[in-house]
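Below is one structure, written out as structure tokens, with a few remarks after it.
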Protein chains: 2
Amino acid sequence: MSHMNLRESSLSEFESATAVTRLSESTFTAELDGDWSVAGAVNGGYLLGVIAQALRANSPSAPDPLVVSTYFLGPSEGGSADITTRMIREGRSSATFSVDLAQNDAPKITALATMGNLAGLPDDVATTATPPKLPDPDQCINVAEAPGDFVKSAPLLKRYDMRLDPETAGFMTGRPSGRGLLQGWIRLADGTEPEALSLLAFLDAFPPVMFDLGRYNWAPTMELTAHLRAVPAPGWIRVKLYSRNIAGGMFEEDCELWDSGGRLVAQSRQLARQPRG
Amino acid sequence: MSHMNLRESSLSEFESATAVTRLSESTFTAELDGDWSVAGAVNGGYLLGVIAQALRANSPSAPDPLVVSTYFLGPSEGGSADITTRMIREGRSSATFSVDLAQNDAPKITALATMGNLAGLPDDVATTATPPKLPDPDQCINVAEAPGDFVKSAPLLKRYDMRLDPETAGFMTGRPSGRGLLQGWIRLADGTEPEALSLLAFLDAFPPVMFDLGRYNWAPTMELTAHLRAVPAPGWIRVKLYSRNIAGGMFEEDCELWDSGGRLVAQSRQLARQPRG
């Protein structure tokens, strides 16, 4: 027990909160942490961290999700969760798994992932996308200082240090731009440097892009696919979040994460149902 | 047998080629058609059509894939394939399934999909993306008339009528633009109007976007996630294909499909390994 405490004390808040305990070769249990919730439901990015911990435990030589596609079947709450992983195919340098997460026997997440080793990828970079131009973090708006109800209903916000570009923070004062664009900076609140699994969480940590379209209700994610493309350099991560196809009661939300070295280290797209009313 | 022939004669070429035969409540067999191949491997978009036929057969009240995430585990060939579907969760108007396709007991595809009813979605449209500006199809370049080896190795090209915007067809004459952009028009060669499942195929039918970056080798797709957002109007479909993050031996390829009514009816993103050499 003292050994366990010692070990935990060397873990970041995020690593501790997403830890899994092995029950068998393919099954794990986790204690979902309600401190990573928004509007009563555990955050999707945090849940990606939890399922990735289970995948990593079963894929030691390919420890990083290169791509993970997560289908959200219902809201998760703080408390115990059961995780099952299954290896579908093992390649030379990567392996594809399915992973399921349930609470009280109700399925909450089903996902597919191909695991690999980000540190072992070739070092070519011919990216044509460019990082978002942002004021320095101390010239941006701390999301945890947003007015009233928004922060109160989102304990998640305290787990991160998130700074919004003032140009895209109009929603905080009731003046959303209508462009469907949020951008800014993110890091873990405890100062831990970014790593593959915290990148997964960053992809779904910012306020919903629909806030910039004046739609403030909770929008349930149906599916989120994340690509991790490089080991992030230490420091702040730039976040760009946008939506271009709002129609038929749904919208897509694209997220880009750029590290301090100017590398596009992660991309995600999610499909969500539009808030009603 | 004569009944079967009668029925097949009323099907489009695409419907016949992607047809599945039920073996049990959850299993199907299909005869993969080598005429939908590129470089000896059955095309990924065609395979999306095949697995979607199996999903549709097991989801009559929610017949359309709203989102499908497909992991390609190895190249498929013409010939027999075994398909297994499993319902993971049934909601009020949608249902989430897993689906696996194997040949000779080797897994070729594992996928997740949420099925729904495109015709039953609300009719709101607040899309900010705009369709690609293209010359008329008869002012564009017929892909099947590309020079030499490219067409010979791709019987798939004859299944479609694909017209490339001359502005993005430089690769055909050895002058790729280097932007990572291909756009043009597509329809089925037999004149059948687009439908949900043919949209899936269109998302992966165009020449690889890497051709516009001067990289002409075959790039194996690791994963492709498709969103279907509306029933397409009859007529030509506009295609926009682009890549922005070419790094670490991989690249993403984004595809947009726009119908003749100017609606963004489908989006996809795939992660692929870069061609070597």
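Structure summary
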read-out	value
Some residue of region B:97-116 being outside any strand (DSSP E or B), of a type in the set (S, T, N, Q) and touching a residue at least 12 places away in the same chain (Cβ under 8 Å)	no
Some residue of region B:64-78 being of a type outside the set (D, E, K, R), out of contact with any strand residue (DSSP E or B) (no Cβ under 7 Å at 6 or more places or on another chain) and surrounded by fewer than 16 Cβ atoms within 10 Å (Cβ to Cβ)	no
Residue list for region B:197-247, filter: free of Cβ contacts under 8 Å to residues at least 12 places away in the same chain and buried (at least 24 other Cβ atoms within 10 Å of the Cβ)	B:N245
Which listed residue is in a loop (DSSP other than H, G, I, E, B), over 27 Å from A:M87 (Cβ atoms) and among the hydrophobic types (A, V, I, L, M, F, W, C), from B:A129, B:A119	B:A129
Failed condition for B:L47, given (1) under 28 Å from B:D149 (Cβ atoms); (2) over 21 Å from the mean Cα position of the chain (by Cα)	(2)
Selection count where residues are within 30 Å of A:S94 (Cα to Cα) and without any contact (Cβ under 8 Å) to a residue 60 or more places away in the chain, scope region B:252-266	4
Scope region A:70-96; condition without any contact (Cβ under 8 Å) to a residue 24 or more places away in the chain, within 11 Å of another protein chain (Cβ to nearest Cβ) and part of a loop (DSSP other than H, G, I, E, B); matching residues	A:G91
Within region B:140-196, considering residues that are among the small types (G, A, S) and under 24 Å from B:S10 (Cβ atoms), the one surrounded by the most Cβ atoms within 10 Å (Cβ to Cβ)	B:A196
Counted residues, region B:179-204 - those being touching a Ser or Thr at 6+ places or on another chain (Cβ under 8 Å), outside any helix (DSSP H, G or I) and among the aliphatic types (A, V, I, L, M)	4
Subset tally (residues that are out of contact with any strand residue (DSSP E or B) (no Cβ under 9 Å at 6 or more places or on another chain) and either among the aliphatic types (A, V, I, L, M) or modelled with pLDDT of 95 or more (or both)) for region B:196-228	0
Residue in region A:24-32 that is aromatic (F, W, Y) and over 20 Å from A:S268 (Cα atoms) present	yes
Residues of region B:118-129 that turn out to be of a type in the set (V, I, T) and more than 14 Å from B:Q267 (Cβ to Cβ), as a count	1
Members of region A:268-277 found to be at the interface with another protein chain (Cβ under 10 Å from one of its Cβ atoms) and assigned to a strand (DSSP E or B), listed by number	A:S268, A:R269, A:Q270, A:L271, A:R273
Lone qualifier among A:S24, A:S12, A:S69, A:S59 - being modelled with pLDDT of 95 or more and over 30 Å from B:F251 (Cα atoms)	A:S24
Where a residue in region A:42-69 is within 14 Å of A:A196 (Cβ to Cβ) and its partner, wherever it lies, is among the acidic types (D, E) and assigned to a strand (DSSP E or B), with Cβ under 6 Å and at least six apart	A:V67/B:E223
Condition met for B:V125 (more than 30 Å from A:T96 (Cβ to Cβ), surrounded by 14 or more Cβ atoms within 10 Å (Cβ to Cβ), free of Cβ contacts under 8 Å to residues at least 40 places away in the same chain and not small (G, A, S))	no
Those residues of region B:141-156 which are in a loop (DSSP other than H, G, I, E, B) and over 21 Å from the mean Cα position of the chain (by Cα), in sequence order	B:P147, B:G148
Hits in region A:220-242 - residues which are facing chain B (nearest Cβ under 10 Å) and basic (K, R)	A:R229
Residues satisfying the stated conditions in region B:243-267, i.e. at the interface with another protein chain (Cβ under 9 Å from one of its Cβ atoms) and among the hydroxyl-bearing types (S, T, Y)	B:S243
Leading residue by the ranking (nearest to the chain's Cα centre (by Cα)) among those in region A:233-250 that are under 16 Å from B:A129 (Cα atoms) and part of a loop (DSSP other than H, G, I, E, B)	A:S243
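Listed here are the residues, each with its yes/no results for (1) acidic (D, E); (2) closer than 17 Å to A:D204 by Cα.
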| residue | (1), (2) |
| --- | --- |
| A:G91 | no, no |
| A:D100 | yes, no |
| A:A111 | no, yes |
| A:G116 | no, no |
| A:P132 | no, no |
| A:E145 | yes, no |
| A:Y160 | no, yes |
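The values are calculated or read from the model by the stated rules, or taken from the named source; none is laboratory data. Predicted model only: the values in this text are computed from it and were never measured. Cβ sites come from the backbone with ideal geometry, for glycine too, and all protein chains shown count toward neighbours.
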